[in-house]
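The next block holds one structure in the form of C-alpha cells; read it before the comments.
Readers should treat all values here as calculations from the given coordinates under stated rules, not as data from a laboratory. Because the structure is a prediction, the values reported are computed rather than measured. Cβ coordinates were reconstructed from backbone atoms using ideal geometry, including for glycine residues, and neighbour counts include every protein chain displayed.
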Amino acid sequence: MTPDRVAGQHALVTVEQIESRIVTVRGQKVMLDTDLAEMYGVPTKRLNEQVKRNPSRFPPDFVFRLNREEVEGVNRSQIATGSQKHRDPRFPPFAFTEHGAIMAANVLEQRPGGRSERLRCSRLRAAAPNSCLSQGLGP
C-alpha cells in the first residue's frame, strides 16, 4: 500500500493540498465548492444541492456565493489550475468558511450510503486538526 492510498480506496489529501486550495475572499479564508467537493469525494453538484436543501445549516457566515468580480479575481489567482474557467457563469461558486466546510462534511455524512464519504471527511479533519482556514495558513 502506497502512502497516498488507503486500502485501494480514495487518495489521502495532505495538509499542503488543503492549504493550496484556500483563497481569501471578502477578507475570509475560504474554499470554493469545486475544491471542497473534490476533497470530500463527491460531485460539486451534490455538495451544492445539500447547501440549497439545508439553508438553516449554512448561514451566510458559513457559506456565500461569489459575485462576478470575486469570480474573476479567483480565476486570476488560480491561473495554474483554471478550475473555475470552465464553470457555467450563470452559477457562481459557493465559498465555504471553516465552519461551512465542517457543516458540509456533517451534511454529507447523513446521506444514505455515505460511509465512504464519512471516512474521507474524518480523514480530512484529522489531517488538519488546527484548521488551515482559521490559522491563516492558506495563501
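Can you put D33, D61 in order of Cβ neighbours within 10 angstrom, beginning with the fewest?
So the ranking, lowest neighbour count to highest, is D61, D33.
Arrange the following residues from fewest to most other Cβ atoms within 10 Å of their Cβ: K45, K29.
Ordered from fewest to most neighbouring Cβ atoms within 10 Å, K45, K29 come out as K45, K29.
What is the fewest-to-most order of S20, S56 by other Cβ atoms lying within 10 Å of their Cβ?
By the 10 Å Cβ count, ascending: S56, S20.
Report, by chain and number, residues whose modeled amide H sits under 5 Å from the one on V63, excluding near sequence neighbours (fewer than 5 apart, same chain).
T97
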